[in-house]
Structure formats: C-alpha cells, structure tokens
Amino acid sequence: MAMAVNRLSEYGLVIRGDFVPHRSDNIPFVSKGVETQSVLLVGNNNRRMWQVFQSSEIYKFKSDRRTQEPLDQWTRDVVGQVAGELSARAIYPFDGPPYFPFLKWAHRAEPVSTSPLGLTIHPTYGLWHAYRAALLFADPIQFPRQSEVESPCHSCTDQPCLSGCPVGAFSEGRYDVPKCIAHLTSSEDIECKKKGCLARHSCPVGTSYVYGSEQAQFHMDAFVKSVVEQD
Ligand code: B12
C-alpha cells in the first residue's frame with residue numbers, strides 16, 4: 001500500500017483509514033460480480049491538498065461556467081488516475097443523491113466520533129478534515145491498525161461549538177440549514193463566509209489544522225451554492 005500512500009500524497013491527499021466491509025456498510029461491488037474485500041478512505045487533513053488544487057488547471061479555469069464543482073472535478077481526475085494504477089474502483093462522497101454514507105464509513109476506518117455539531121471530529125485534526133473518495137479493492141489489503149482514542153468531546157464540558165454560531169443554527173443533534181443559509185446570504189460582509197463556519201472555529205481541537213481563508217471561503221461558497229441551487 002506504500003504506492004497508494006505515495007501517489008496520493010503527491011496531490012496532498014491522505015489515506016484516512018481502511019476497513020473490511022460488512023454487508024451493513026452497503027459498499028458497492030468493485031465491478032460486476034466482483035465483491036469488495038477492502039476499502040481505503042481518502043481525504044484531506046492538512047493544507048497541502050488545497051495548495052496542489054490551487055496550482056491545477058481546473059482551479060485556474062474555475063470561473064468557466066462549464067466547470068461545475070472544480071474541487072470535485074479535480075478529485076475525480078486525480079483519485080481516478082491513482083485508482084486505475086492500483087486496479088481499484090474509486091467512489092466519491094459528492095456522487096448523489098442518493099449519497100454514499102461516508103460518515104458511517106469514517107467511523108469504521110479511523111478513530112473519529114460525532115461532535116455535538118453533528119460533524120465528525122478527529123482527535124488530532126478536530127473538525128478540519130474531509131473525505132474525498134473511497135478506493136474499493138477486490139483483494140484484502142494490509143494497513144497498519146489505528147488505535148481507539150476517546151472522543152475529545154467527552155472531556156469538553158463547555159462545548160463552545162454549540163454557542164459559536166452567530167445565529168444559533170446548531171443545537172445538540174440539530175443543524176438548522178435554512179437559518180445558516182439566511183445568515184450567509186444576508187450581506188456580503190459575513191464573517192463565516194470569509195473565515196469559515198464560526199461554530200467549527202470555536203472548537204478547541206485541531207486548531208493548527210484550520211483551513212486558510214481562501215479554502216474556507218471556497219467551501220462556504222460551494223455550500224451556499226449547493227443549497228440555493230437545490231431550492
Ligand atoms: C448532503 C450534504 C450536506 C447537506 C446536508 C443536508 C441536511 N442536513 O439536510 C448540506 C449542503 C447542508 C451540507 C453542508 C455542509 N457539509 Co455536508 N455533506 C453532505 C453529503 C454530500 C451527503 C450526506 C448524506 O446525505 N449522506 C447519506 C446519508 C445516508 O448519511 P447521513 O449520515 O444520514 O447524512 C446526513 C449527514 O451527513 C448530514 N450532514 C451533511 N453535512 C452536514 C454538515 C453539518 C454541519 C451537519 C450537522 C450535518 C451534515 O446530512 C445528511 C442528511 O441528513 C456528505 C458526503 C457524504 N457522502 O456523506 C457531506 C459531508 C457530511 N459534509 C461535510 C461538510 C464538511 C459540510 C460543511 C461543514 C462544509 C462547508 N463548510 O462547506 C457544510 C455545513 C455548513 C457550515 N455551517 O459550515 C463533510 C463532513 C466532514 C466531517 N468532518 O464530518 C462531508 C462528509 C463531506 C466531505 N467531503 O467530507 N452537507
């Protein structure tokens with residue numbers, strides 16, 4: 001698997017973890033009649049991916065109206081290429097609806113837990129990480145096991161994340177998407193749009209992995225666009 005690690009790191013992507021699928025994971029086949037024996041989750045947990053993406057042709061031409069979702073398109077290009085080299089099938093979190101349950105798979109692959117915000121928290125990277133693809137293999141793969149780690153939210157008594165949103169869009173177990181969008185689209189000068197979600201910023205875990213402002217703005221714009229275009 002060293003090859004997968006090296007090839008993905010050229011693009012600033014990392015292997016988040018692996019697992020052997022159970023029937024309840026609803027993992028698709030590698031190809032017709034060929035069951036998936038192992039899964040590698042691919043994602044980002046540092047600023048490198050953004051730097052590589054920013055120097056890509058797709059990013060340069062992102063305002064071209066034919067470039068629908070530049071980061072998704074770039075991911076498809078680079079992960080698709082690596083998957084071909086590894087004889088794996090690549091599937092993506094943005095393919096849908098219906099969407100693949102990437103967060104459920106994340107819990108199977110690495111020591112993450114669900115934060116009070118609903119986002120998945122990692123003990124090191126906090127809320128500043130994401131999943132970009134899953135690689136499906138027809139053979140069992142060997143990957144170093146990751147040890148169980150207790151959720152950092154268990155010892156976090158103040159839960160600043162739940163009071164970090166300026167319009168109170170988050171409460172334990174609930175995310176009020178229309179409230180969040182109404183705030184983000186109410187003016188040009190919204191801090192969450194420039195800096196990234198303020199609730200996410202109020203979490204004390206993984207603060208050295210916080211996205212840079214350009215990346216944060218890009219994600220917030222894409223999020224607003226995806227919701228507004230759906231309505
Ligand atoms: C649809 C979707 C959304 C929808 C959610 C609709 C809803 N709640 O009704 C919208 C557009 C609102 C959304 C927003 C965001 N999302 Co989203 N989303 C997805 C997506 C593509 C599919 C989810 C799904 O339907 N899964 C299938 C069902 C069976 O599984 P499920 O667990 O029940 O799915 C629910 C949750 O995933 C939840 N959800 C999805 N995103 C978010 C975000 C927050 C903050 C919360 C509380 C819940 C939530 O909504 C789903 C339906 O109820 C996933 C990728 C994936 N394939 O999982 C990303 C994903 C869950 N989102 C993610 C992120 C990061 C966000 C944003 C924070 C990104 C951003 N800033 O742009 C924003 C939130 C805005 C903010 N305040 O910052 C990450 C989460 C990573 C993590 N650390 O946990 C994922 C995994 C994408 C990725 N590439 O990594 N998202």
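Nothing in this text is a laboratory measurement; each read-out follows from the coordinates by a stated rule. Keep in mind that this is a model prediction, so the values were computed, not measured. Cβ: placed from backbone, ideal geometry, glycine included. Neighbour counts: every protein chain shown.
Quick check for me: using +1 on Lys/Arg Cβ and -1 on Asp/Glu Cβ, what's the dipole size of the range 2-230 about its Cα centre, in debye to the nearest 20? Don't skip to the end; give the middle numbers.
Working: 23 positive and 24 negative charges, 41 e Å.
Rounded to the nearest 20 debye, it is 200 debye.
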Original post:
Distance from the Cα centre of the range 55-97 to that of the range 157-222, in angstrom?
Top reply: 26
**OP:** Would you work out the charge dipole size for the range 40-159 about its Cα centre, treating the Cβ of every Lys and Arg as +1 and the Cβ of every Asp and Glu as -1, and quote it to the nearest 20 debye?
**Re:** 260
**OP:** Would you work out if the range 175-219 is rounded, prolate or oblate? Take a ≥ b ≥ c from the square roots of the eigenvalues of the alpha-carbon gyration tensor; rounded if a/c is under 1.5, else prolate when a/b is larger than b/c, oblate otherwise.
**Re:** oblate
Subject >> Sorted by Cβ neighbour density within 10 Å, fewest at the top, the residues Cys156, Cys161 >> reply: Cys156, Cys161
**OP:** Kindly state, to the nearest 0.05, the FRET efficiency for Lys104 paired with Glu57, given R0 = 30 Å and r defined as their beta-carbon distance.
**Re:** 0.30
Original post:
What are the lysines whose alpha-carbon lies under 23 Å from the alpha-carbon of Lys60, with same-chain residues fewer than 8 places away excluded?
Top reply: Lys193, Lys194, Lys195, Lys225
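Expressed in nm to one decimal, what extension gain is obtained for the pair Ser171 and Gln217 from 0.36 nm per residue of sequence separation less their Cα-Cα distance? Walk me through the numbers before you get to the answer.
Details: separation 46, 0.36 × 46 = 16.56 nm, distance 2.37 nm.
Result: 14.2 nm gained on full extension.
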Original post:
Between Thr124 and Leu198, what is the label-to-label distance in nm when each label sits 7 Å out along the Cα-to-Cβ direction?
Top reply: 3.2
**OP:** Could you work out how far helix 70-85 tilts from the main Cα principal axis of the chain, as a 0 to 90 degree angle to the nearest 10?
**Re:** 20
Subject >> Placed amide H near Gln37: partners under 5 Å, 5+ positions off or other chain >> reply: Phe137, Ala138, Asp139
Subject >> Using alpha carbons only: equivalent-ellipsoid semi-axes of the range 2-230, gyration tensor based, whole Å >> reply: 29, 22, 16
Original post:
Given Ala216, Gln159, Trp74, which one lies farthest toward the positive end of the charge dipole of the chain, if we put +1 on the Cβ of every Lys and Arg and -1 on the Cβ of every Asp and Glu?
Top reply: Trp74
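What FRET efficiency comes out for Gln146 versus Thr207 if R0 is 30 angstrom and r is the Cβ-Cβ distance? Round to the nearest 0.05. Show your work: numbers first, answer last.
Values: r = 22 Å, r/R0 = 0.73.
The computed FRET efficiency comes out at 0.85.
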**OP:** Working from Cα positions, state the angle (0 to 90°, nearest 10) between the long axis of helix 213-230 and the longest principal axis of the chain.
**Re:** 90
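Using square roots of five times the C-alpha gyration tensor eigenvalues, list the equivalent-ellipsoid semi-axes of the range 16-84 in whole Å, biggest first. Could the numbers behind the result be given before it?
Working: eigenvalues 174, 46, 19 Å².
Each semi-axis is √(5λ); the values are 30, 15, 10 Å.
If you take the Cα atoms of the range 74-174, find Rg, then find the Kirkwood Rh from the mean of 1/r over all pairs, what is Rg/Rh? Let's see the in-between values first.
On the way: Rg = 16.5 Å, Rh = 15.9 Å.
In the range 74-174, Rg relative to Rh is 1.04.
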